[in-house]
1. As a test of the formula, what do you get for chain A when each DSSP H run with n ≥ 4 contributes -39,500 (n - 2.57) and the sum is divided by the residue count, at 222 nm and rounded to the nearest 500 deg cm²/dmol?
2. What is the ratio of the Cα radius of gyration of the protein assembly as shown to 2.2 N^0.38 Å, where N is its residue count, to two decimals?
3. Against the longest alpha carbon principal axis of chain B, how many degrees, from 0 to 90 and to the nearest 10, is the axis of helix B:94-105 turned?
4. Mind checking A:221-230 for the average number of partner chain beta-carbons within 10 Å of each residue's beta-carbon?
5. Taking neighbour counts of Cβ atoms within 10 Å as a proxy for exposure, in what order, fewest first, do A:Arg172, B:Arg172 appear?
6. How much length would be gained if the chain were fully extended between A:Ala177 and A:Ser39, taking 0.36 nm per residue of separation minus their Cα-Cα distance, in nm to one decimal?
7. Sequence-distant or interchain residues sharing an amide H contact under 5 Å with B:Ile285, placed H: which?
8. Treat each spin label as a single point 7 Å out from the Cα along the C-beta direction, and report the A:Ser141 to B:Glu90 distance in nm.
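The numbers here are math on the coordinates, done by the rules we state, and not lab data. In this text the structure is predicted, and so the values were computed from the model without any measurement. Counting neighbours? That spans all protein chains shown, and the Cβs are built from the backbone with ideal geometry, glycine included.
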Amino acid sequence: MLKIIKLEWKKNRLTSYFKGLAICIVGIFVAVALMSLGSQKGNDPMFPNYEEFMSLTNILIRIVFIIFSSVILSRIVIDEYKSNTIQVLFTYPLQRKKIIQSKLSIVFGFCFFSIIISTLIINISVFFLNPIMGFFEAPVSISEIITTVPTTFINAFMIAGVSLIPLYFGMRKKSTATTITSAVLIGFLINATVSNGGSSTSLFQFIGVPIVFCLLGLVIGYLSYHKIDKIDVA
Amino acid sequence: MNSVIQINQLSKTYRGTETVSNVNMNINKGEIYGFLGPNGAGKTTIMKMILNLVKPSLGEIIVFDQRILETSYEYLKKIGSIIEYPEFYERLTAKENLDLHCEYIGYHHPGAVNEVLEIVGLKGVEKKKIHEFSLGMKQRLGIARAIVTKPEILILDEPINGLDPIGIKDIRELLLILKEKYGITILISSHIVSEIESIADTIGIINHGRLLKEVKMEEIRKENEEYLEIQVDNLEKTTHVLKNKLGIKKYEIVGRHIIRIFEHENSSSQINKELILNGVVVNGIEKQQHNLEEYFLKLINGGNQHA
C-alpha cells in the first residue's frame with residue numbers, strides 16, 4: 001500500500017501542495033493577528049487571552065483544511081473517475097480495495113497532518129511574537145500551550161474524518177465542483193459560531209457533533225471501497 | 001490446442017437487458033483473434049469482462065488456466081490493454097505516463113519506455129503533456145502503453161480508431177511482429193472488416209451480444225470461392241448463352257447488368273468470346289472473390305433474421 005501511496009503522490013504531484021499548505025498557514029496567522037492588532041486601536045480588543053485567540057485560529061484552520069482536503073480528494077479520487085483513468089488503474093495487478101484505501105489515506109493523512117503542523121507553527125509564532133507584538137494582554141506560558149496538544153490531535157483526527165464526507169457528494173455526479181462546494185458547506189456548518197453577544201457557541205463545541213460527522217466520513221470512505229470488487233467499472 | 005483465454009457461456013445483463021448472451025470463445029496461444037461486430041454488439045463488454053472491469057452475470061472466463069474471480073487481479077500483470085478511448089493522465093507527459101504505468105505493473109527495465117516510443121513513432125514528443133496530443137497520437141501512445149511491459153496477451157479495443165492510413169499500416173505490421181517475434185496472443189476488436197481481415201488468424205463475429213461464428217481465416221478463404229463477374233448489356237441473352245451454349249448452371253444475377261459465374265470449367269476468354277459471338281455486349285469481365293466484408297454482412301443479417 002505504501003507503494004501505491006507513493007505512486008499516487010508522484011502521479012498527482014502532491015509535493016506541490018506543500019506550497020499551498022504554507023500559504024494557508026501564513027494566511028490564517030496573518031488574518032487572526034491583524035484582527036487582533038486592529039481591534040486594539042478601538043479599545044475593544046477581540047482576544048483578551050491565548051485561549052480566545054486560538055479559538056478563532058482553530059476555527060479557521062478547520063474550515064481551511066476541510067476545503068483544502070476536498071481539493072485533494074477531488075484531484076486523486078473524483079478526477080480519476082471523471083476522466084475514466086480509474087479504468088486504467090483497475091487493469092493493474094493491484095487489489096482495488098488497496099488502491100482506494102491508499103487514495104483515501106492520503107486525503108485523511110493530509111488533513112490530519114496539515115492541521116497538526118499549522119496548529120504547531122501558529123502556536124510557536126504566537127509564543128514568540130506575542131511578547132513583541134502584543135496580540136492579547138494576558139501572557140501565554142508554555143504549559144498553557146502544551147495542555148492543548150491532546151485536543152489538537154483529537155480535533156485533527158475528527159476533521160480528517162469529516163474531510164471524507166465530500167466524497168459522497170462528489171461521487172454521485174463525479175464532479176469536482178460538487179466535492180468542493182460540499183466541503184465548504186460542511187466546513188462552515190460545523191464551525192460556524194452562533195453568538196448572542198455575551199457567549200457564543202458552535203456545533204463543533206458539542207463533542208457529539210464532530211464525533212458523528214467524523215464517523216460519517218469514515219463510513220463513507222469505507223462504503224466507497226467495500227463492494228468495489230463487485231462493481232462494474234463502466 | 002493450448003488456449004490462453006477461454007470463455008464459457010458468458011452472459012451479462014445490464015438493468016434487465018442482456019448485452020452479452022451465452023458467449024463461448026476460445027483464444028489460442030500466439031494467435032491474433034479478430035473480434036468483429038457492429039458498434040454496440042458487446043465487444044467492449046466482453047473485453048472488459050476479461051479484464052475484470054465488468055463482472056459477468058453468468059458463465060466463466062479462464063485466463064492462463066485460472067478462472068477469473070471477482071477479486072482476481074494477479075493475472076492482469078500479463079495483459080496489456082486499450083479499452084475504448086485511450087485515457088491518460090492529462091497533466092503528465094507521455095514519458096511520465098508510461099513510466100508510471102511500468103511502476104504500477106512492477107516492470108523495471110531501463111530503456112523500455114524509450115524503445116516503445118520509438119516503435120510507435122512518438123519519439124520527440126515524449127516530453128509533451130498529454131492534453132496537447134491529438135487522438136491519433138493518444139491512440140499510438142495507448143498502444144505503446146499496452147505493449148511496453150511485454151505482456152503475454154494484448155487486448156485492443158478498436159485500436160485503429162483515429163489513426164491515419166500510415167498509422168493503420170504501422171500498427172498492423174507491429175501487431176504481426178509482436179505475434180511472430182514475441183509470441184504474444186492478441187485479441188483485437190473492430191467494426192471495420194478490412195482492418196483485421198489481413199492479420200487475424202481467427203475471427204469471432206458478434207452481434208446483439210451473441211457470438212455468431214468463430215472461424216479460422218483459412219476456412220473463410222476456402223469457403224469463399226472465386227467467381228467471375230461479367231458486366232453485360234442484356235441479361236436475358238447472356239443467361240441463354242451461358243445455359244445453352246456453355247452449359248453453365250451455377251450463376252447469379254446481382255444487378256441489372258451484372259452476373260456472377262461460379263463454375264470454372266470455362267476460361268474467362270472462352271466465355272467472353274461466346275458471348276460476343278452471340279451478340280452480347282460485354283462491358284467488363286473480372287475474376288473476383290467474396291471478401292470477408294460480404295461474408296460478415298451476410299452473417300450479421302442472417303443473425304438478425306433469427307433474432
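1. -24000 deg cm²/dmol
2. Its radius of gyration relative to the 2.2 N^0.38 Å reference: 1.41.
3. Orientation of helix B:94-105: about 80 degrees from the principal axis.
4. Details: counts 0, 0, 0, 0, 0, 0, 1, 2, 7, 3.
Average per residue, whole number: 1.
5. Ranking A:Arg172, B:Arg172 by Cβ neighbours within 10 Å, fewest first, gives A:Arg172, B:Arg172.
6. 46.1 nm
7. B:Gln231
8. Distance between label points: 5.8 nm.
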